[in-house]
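Each remark here refers to the structure printed beneath this line.
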Amino acid sequence: MADVVSLSGEKYNHEVAAVFGAGEPAEKAAREVREALELRAVQVEVLHPGDKALGRSLEPESRGIFETLVRAHFWLGVAGAMAGFLLYLLLSFTGLPMVTNSPVIAGVVMVGFGAVIGLMLGGLVTLRPDHDPYIFRVRAAVRDGQSAVLVHGASLEQRKAAEDELGRLGGDVIHSV
């Protein structure tokens with residue numbers, strides 16, 4: 001079976017966080033989650049009120065984000081161009097006069113617009129709007145004097161297991177979509 005092309009260049013792109021009261025409850029929860037799920041130290045982090053590097057903690061893989069940018073734009077741009085070409089072929093075979101009278105111009109326009117739409121979707125994937133609720137909620141909690149445990153899962157299953165464990169430990173759980 002062929003490998004599936006991934007748009008993400010991040011190694012740990014399944015984030016989950018749990019908000020706890022400030023101090024020891026968050027540290028204890030982080031230790032328990034790390035041990036229960038056998039996670040690497042870089043996958044579990046605790047944010048305390050006053051921490052300055054919230055952005056780097058919430059999205060730690062800057063190189064992975066750049067790789068996501070390149071992959072998403074490349075693959076979705078190619079897919080959009082191919083979709084535009086398929087649309088051109090479909091309209092050509094139906095005999096649409098607008099396409100059959102100017103086949104080169106119609107082909108270039110459809111492939112070009114398809115590629116542009118694909119590149120725009122690549123930009124949307126790179127922006128990761130699915131992470132916004134997770135980021136905003138954790139930032140607000142830390143700003144309000146609470147601590148947060150961040151778990152960066154390598155898979156959806158790992159994220160779900162961390163979510164269950166953090167909920168069991170009494171945290172207010174939020175995850176990226």
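Search the stretch 148-177 for residues being under 15 Å from residue 137 (Cα atoms) and part of a loop (DSSP other than H, G, I, E, B), and hand back the single one that is modelled with the lowest pLDDT. So the residue we want is 177.
Which members of the stretch 34-47 meet the condition of being within 24 Å of the chain's Cα centre (by Cα), surrounded by fewer than 16 Cβ atoms within 10 Å (Cβ to Cβ) and either in a helix (DSSP H, G or I) or in contact (Cβ under 8 Å) with a residue 40 or more places away in the chain (or both)? Matches in the stretch 34-47: 41, 42.
Within the stretch 124-152, the set of residues being under 15 Å from the mean Cα position of the chain (by Cα), touching a residue at least 12 places away in the same chain (Cβ under 8 Å) and surrounded by fewer than 15 Cβ atoms within 10 Å (Cβ to Cβ) comprises 130, 133.
When 80, 9 are checked against the criterion of being in a helix (DSSP H, G or I) and either modelled with pLDDT of 85 or more or closer than 21 Å to residue 127 by Cβ (or both), a single residue qualifies: 80. Take residue 107 and decide whether it is part of a helix (DSSP H, G or I) and either touching a residue at least 24 places away in the same chain (Cβ under 8 Å) or within 21 Å of the chain's Cα centre (by Cα) (or both). For residue 107, the condition - part of a helix (DSSP H, G or I) and either touching a residue at least 24 places away in the same chain (Cβ under 8 Å) or within 21 Å of the chain's Cα centre (by Cα) (or both) - is not met. Scanning the stretch 48-64 for residues that are assigned to a helix (DSSP H, G or I) and at pLDDT 75 or above yields no hits at all. No other residue among 168, 139 is of a type in the set (D, E, K, R) and closer than 20 Å to residue 51 by Cβ apart from 139.
The values are calculated or read from the model by the stated rules, or taken from the named source; none is laboratory data. All of these numbers come straight from a predicted model, not from anything done at the bench. Reconstructed Cβ throughout: ideal geometry from the backbone, glycine too, with neighbour counts over all protein chains shown.
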